[in-house]
Amino acid sequence: MASLKKFQRQDLEAVEIFLAEPNEYVREGLRAGLRSEGLRRTRTFTRLADLVEAIEETPPDLIVAASNLDSALFDSIRDIRHSRLGRNPFVMISVMADQGNDAAIKNAIFAGADDVLIKPVAPGKMLERVAHVTLNRSPFVVSGDYLGPERRGQSDLPANLRRIEVLNTFRAKLEGNRMTLDELTRAVDLSMNEVMSARLDSHGLKLGWVCGAILKAYEEKRIDKELEERLIILVSVLEVAARTARVLGEPELSQICTQMARQVEEMAENYENPTEAQQATIQKLTKAFELAKN
C-alpha cells in the first residue's frame, strides 16, 4: 500500500485539505490523524455551505466529505467537476459513506469523486487510501454528463473513450512543486482544453450510435415513439456539441452542429413521414461531424 511517509515534511505541510464531517468525534479524530502525519493544513467543516464558500475562496488539493453532510453534496461535487464551483475542477475528492449505503456510493461515483471510503474510517486507513489514490490516480474520461476518473468495471462507457491525465496538485506538492494561482489557472486551462476536445469525441461516438439506431428503425418500419425520442436526443447532442465547439474556438464546427440540430428538429416534428432529404441528413451526419472535427 502506498504511504505518505517517504515525502518531506515541508511538502506535506504545503498540502491544503478540506475535511467535511458533521460528527464532531469523527471529524476531530480524522483531523488529528492527518495532522500527526504532517498534513497540518487541514481545515474542517460541519456544513456544506461553509465548505462551498471555502472552495470558492481557496483551491484545496484534497476534499474529504461525508455523504451525510448534506443532500446537495453530490450536486456540489458535480459542479466542481464541470467548473461551476471553485478554481480547480480536477481537485482530488474522496467521499465517506456508511457501509451498505449503496445509493451514496453510487451517487459519489457518478458525481465524479476519485474515491469512496467506507465508514468507520480509521485515520491510518484513510491516509493509506489517500496516498494510494493520489499516487495512482486514474485518468479522467468524458461521457455524456459524466466527467471524472475512469473506473474499472464501468461497462457503460465506450471502450474507445479518450483517457486524460489531468492536473493533480496534491501529488505536485508532495513532489515539491508549488503553483501560484496564475500557474494553477493555466494548468487547469490546459487540462480543460483536453477535456473539451474529449467531449467532442464523446459526442461523435454518441452521434454515430443514435444515427445508426434511427436509420435502422426506418429501414425496419419501426415508426414509434422511441424513434421520435431518439431524434430528440440527437437534437440535444448536436446542441451540446455546438456549445462545446464554440468554447474550443471552433465556430465553423459550432455552426454546422447548430444547423444540423435545426434540421433534425424539423424531422422530429414529422418523424412518421420524413422526406428523403431528411433521411439523407441522418446518413451524412456522423461523417460530416467527423470531417469537421478533424
Among the helices (runs of 4 or more DSSP H) confined wholly to segment 201-294, which include 1 or more residues that are at pLDDT below 80? 225-247, 276-293
So, residue 121, is that one β-branched (Val, Ile, Thr), more than 22 Å from residue 192 (Cβ to Cβ) and free of Cβ contacts under 8 Å to residues at least 40 places away in the same chain or not? no
Of all the helices (runs of 4 or more DSSP H) wholly in segment 1-111, which have at least 1 residues that are charged (D, E, K, R) and closer than 24 Å to residue 187 by Cα? 9-12, 48-57, 73-81
Mind checking which residues of segment 176-190 are outside any helix (DSSP H, G or I) and open to solvent by less than 70 Å² (accessible area, probe 1.4 Å)? 176
Residue that is most open to solvent (accessible area, probe 1.4 Å), among those in segment 243-282 that are out of contact with any Pro (no Cβ under 8 Å at 6 or more places or on another chain) and of a type in the set (Gly, Ala, Ser): 277
Subset of segment 4-25 that is open to solvent by 50 Å² or more (accessible area, probe 1.4 Å) and not charged (D, E, K, R) - its residue that is nearest to residue 122 (Cα to Cα): 25
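Filter segment 191-219 down to residues that are under 14 Å from residue 279 (Cα atoms) and out of contact with any Leu (no Cβ under 7 Å at 6 or more places or on another chain) and give me whichever is most open to solvent (accessible area, probe 1.4 Å). Give the derivation first.
Residues of segment 191-219 under 14 Å from residue 279 (Cα atoms): 210-219.
Narrowing further to those that are out of contact with any Leu (no Cβ under 7 Å at 6 or more places or on another chain): 212-213, 215-216, 218-219.
Working: 212: 37, 213: 16, 215: 38, 216: 107, 218: 20, 219: 141 Å².
Step by step, filter segment 191-219, then rank; the result is 219.
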Could you list all residues from segment 256-274 that are aliphatic (A, V, I, L, M) and closer than 14 Å to residue 233 by Cβ? 260, 261, 264, 267, 268
Select from segment 127-141 the residues that are crowded, with 16+ Cβ neighbours inside 10 Å and not in a helix (DSSP H, G or I) and write down the one among them that is modelled with the lowest pLDDT. 141
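The values are calculated or read from the model by the stated rules, or taken from the named source; none is laboratory data. On a predicted model such as this, the values are computed, not experimentally measured, just so you know. Backbone-built Cβ (ideal geometry, glycine too); neighbour counts: all protein chains shown. Keep in mind that these areas ignore ligands, DNA and RNA; they rest on the heavy atoms of the full protein, side chains included. Shrake-Rupley method; radii C 1.70, N 1.55, O 1.52, S 1.80 Å.
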